[in-house]
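The values are calculated or read from the model by the stated rules, or taken from the named source; none is laboratory data. Every value quoted in this text rests on a predicted model; they were computed, and no experiment measured them. Positions of Cβ are generated from backbone atoms using ideal geometry, with glycine treated the same way; all protein chains shown enter the neighbour counts. Areas reflect the complete protein model, heavy atoms only, side chains present, ligands, DNA and RNA absent. Shrake-Rupley method; radii C 1.70, N 1.55, O 1.52, S 1.80 Å.
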Amino acid sequence: MLLKAEDLAARLRDLRRVYLVCGDEPFLVEEAVTRIVEAAITAGVGERQRFFLESGFSWAQFREALASPSLFAARSLYELRAREAREGLGRELPVCLPLIAPDAILLVVTGALDRAAQKAAWVEAVAREGHVVMATPLTGEPLLAWVRERLADAGIVDEELARRISYFTEGNMGAAADAVARLRSEPHPGVEALAAIMGDEARFDVFAVTDAALKGDLAATHRYANRLRMEARDPILVSWALAREVRLLGRMASRQARKAPLAELFRSERVWAARQALLLAALRRLSASRLRDLLQACTELDRANKGRSDGDAWVLIERVALGLAGMQGGVG
């Protein structure tokens, strides 16, 4: 059976003999693996053997291990990790499935499967024997539902809180899960607690940069961007967060020019009331030509992140952030 990673937990009461966890969302992949392993331990698995499909790996030895009852535990779990689904899995895995020893479980972890691979014979063979778990990034409404459910599991029911977390962490599901986990330990887990978490001086979350820039706070924008650079954070996520705000402001400016109601845009973009005021303030501060310059700067930043230009990504990030905050000369 093919399952979404977020639907796996409900299926683990009936443990299968084989699982394939695949996808390009690292947090969901590892969470699915952890849940399968924990369910296996609860079901009596006392031994976990891990294999990596890399140089020196022997399929013959792996098949032998699968077919041999464990000497140390009544039940065993065999975990095979491959960076990509092309690395021999299609040819070898169907041969391995009939060899799995009684009371053993095979867990295969690999990268994302494209549409063609999802229909391949070896994937269908795994689906017949067990579960194929697809761990793909969530965005928009599915992400909001996922955050809402995690908050509920933590005993927190707060729609605005769910919307803020999903908005600020879209593109980084690990950050969303971390925010919920930290809110669980807060005595008053609300919007103010979330703001404190996301503005924590020890973490300097990347979204603090965008918030400071939208507020027009040049000093805070410079401080947050510089701290992230000093902490060697991933510039790609910072770039994405800034570019998202610039593109949204660009769409707002275009709507205003056509006399279209911004309320409709806010609804379609799922921007809540408190954030609408922040964006409108930024829009009043930035001219149409300035927004075009920012959009161009974001394109240059994207090229730098992909190695297609010689620009320093962090220099460009600071230019975009300060330009968004309203500093003249912050872009270019």
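Scan the range 1-26 residue by residue and report those that are assigned to a helix (DSSP H, G or I), open to solvent by 60 Å² or more (accessible area, probe 1.4 Å) and either under 15 Å from Arg150 (Cα atoms) or out of contact with any His (no Cβ under 8 Å at 6 or more places or on another chain) (or both). Break it down stepwise before answering.
As a first pass, look at the range 1-26 and keep what is assigned to a helix (DSSP H, G or I): 5-7, 9-11, 26.
Those left that are additionally open to solvent by 60 Å² or more (accessible area, probe 1.4 Å): 7, 10-11, 26.
Scanning the range 1-26 gives Asp7, Ala10, Pro26.
Val331 passes all but one of (1) of a type outside the set (Gly, Ala, Ser); (2) surrounded by fewer than 19 Cβ atoms within 10 Å (Cβ to Cβ); (3) modelled with pLDDT under 80; which number fails?
With respect to (1) of a type outside the set (Gly, Ala, Ser); (2) surrounded by fewer than 19 Cβ atoms within 10 Å (Cβ to Cβ); (3) modelled with pLDDT under 80, Val331 is out only on (2).
Those residues that are in contact with a strand residue (DSSP E or B) (Cβ under 9 Å, 6 or more places away or on another chain) and either open to solvent by 70 Å² or more (accessible area, probe 1.4 Å) or not in a helix (DSSP H, G or I) (or both), I need them from the range 125-137; list them, please.
Across the range 125-137, the qualifying residues are Glu129, Gly130, His131, Val132, Val133, Met134, Ala135, Thr136, Pro137.
Out of the residues in the range 150-167 that are over 19 Å from the mean Cα position of the chain (by Cα) and open to solvent by 60 Å² or more (accessible area, probe 1.4 Å), state the one that is farthest from Ala195 (Cα to Cα). Please lay out each step first, then the result.
At the first step, the residues of the range 150-167 found to be over 19 Å from the mean Cα position of the chain (by Cα) are 152-160.
Subset that is open to solvent by 60 Å² or more (accessible area, probe 1.4 Å): 153, 155, 157, 159-160.
Working: Asp153: 21, Gly155: 19, Val157: 17, Glu159: 15, Glu160: 12 Å.
Residue satisfying both the conditions and the ranking: Asp153.
Can you list residue pairs whose Cβ atoms sit under 9 Å apart, with the first residue in the range 233-251 being under 17 Å from Val315 (Cβ atoms) and the second being assigned to a helix (DSSP H, G or I) and open to solvent by 80 Å² or more (accessible area, probe 1.4 Å)? Count only pairs 6 or more apart in sequence or on different chains.
Qualifying pairs under 9 Å: Arg233/Arg227; Pro235/Arg229; Val238/Arg229.
Determine whether Arg292 is open to solvent by 80 Å² or more (accessible area, probe 1.4 Å) and either within 22 Å of Ile165 (Cα to Cα) or modelled with pLDDT of 85 or more (or both).
On the way: open to solvent by 80 Å² or more (accessible area, probe 1.4 Å): yes; either within 22 Å of Ile165 (Cα to Cα) or modelled with pLDDT of 85 or more (or both): yes.
It is true that Arg292 is open to solvent by 80 Å² or more (accessible area, probe 1.4 Å) and either within 22 Å of Ile165 (Cα to Cα) or modelled with pLDDT of 85 or more (or both).
Quick check on the range 216-239: of everything there that is modelled with pLDDT of 85 or more and not in a helix (DSSP H, G or I), which residue is least open to solvent (accessible area, probe 1.4 Å)?
Here the residue is Gly216.
Filter the range 295-325 down to the residues that are open to solvent by less than 60 Å² (accessible area, probe 1.4 Å), of a type in the set (S, T, N, Q) and part of a helix (DSSP H, G or I) and list them by number.
Asn305
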